[in-house]
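One structure is given below, encoded as structure tokens.
The values are calculated or read from the model by the stated rules, or taken from the named source; none is laboratory data. Treat the numbers as computed from the prediction; the structure is a model and nothing was measured. Methodologically, a virtual Cβ is constructed for each residue, glycine included, from the backbone with ideal geometry; neighbour enumeration extends over all protein chains shown.
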Amino acid sequence: MQQPEFVHQYVSESVGPLELVVSSKGVRSISFIPHDSRAIVTEGHPIMDRLVEELDLYFSGKLKTFSVPLDPAAGTVFQRLVWDELTRIPYGETRTYGEIAEAVGIRRGARAVGLANRSNWIPIVIPCHRVIRANGSLGGYASGTDIKRRLLELEGVKL
């Protein structure tokens, strides 16, 4: 039996509207959505309330590390290894796709790391935006490199 999910629309001046989905166990997904989406509000759910509070603090520059529990909607063992490693990248720092691959034990696995990043259900909280190419360029981002750039600039990363 699938657990119920709760949905909330959150708007950030930095990246625009986000759709937040939580379960009774943790954050299921964060999605970048169009500006003209209909507002959805879930109130009184403790995990949703905590996620919104932490996002507010993050976007105001007052939160460096998220502590809200996670419950990704999907993910292979390898993807989860990569996502776990991403949570170890400190606020305001970056790592290369190759460095993440080495850290999870896959030499020459930079492309596989890129694919795992693209499948990240919980961007921002699982900071796939902090992963860049070895030459210092941004690389890809599922929601566009403009959003990736804005998130890195918010964290004070010099591009």
Worksheet entry | Enumeration of residues in the stretch 97-129 that are in contact with a Cys (Cβ under 8 Å, 6 or more places away or on another chain) and either part of a loop (DSSP other than H, G, I, E, B) or β-branched (Val, Ile, Thr) (or both) | ASN120
Fill in: Identity of the residue in the stretch 34-63, of a type in the set (A, V, I, L, M, F, W, C) and assigned to a loop (DSSP other than H, G, I, E, B), that ends up modelled with the lowest pLDDT
ALA39
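With respect to ILE122, is the statement that it is in contact (Cβ under 8 Å) with a residue 60 or more places away in the chain and crowded, with 16+ Cβ neighbours inside 10 Å true?
Yes: the conditions hold for ILE122.
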Worksheet item: How about the stretch 112-146: which of its residues are among the β-branched types (Val, Ile, Thr) and either at pLDDT below 95 or more than 21 Å from VAL27 (Cβ to Cβ) (or both)?
Response: VAL113, ILE132, THR145
Worksheet entry | Leading residue by the ranking (modelled with the highest pLDDT) among those in the stretch 64-96 that are assigned to a loop (DSSP other than H, G, I, E, B) and among the acidic types (Asp, Glu) | GLU93
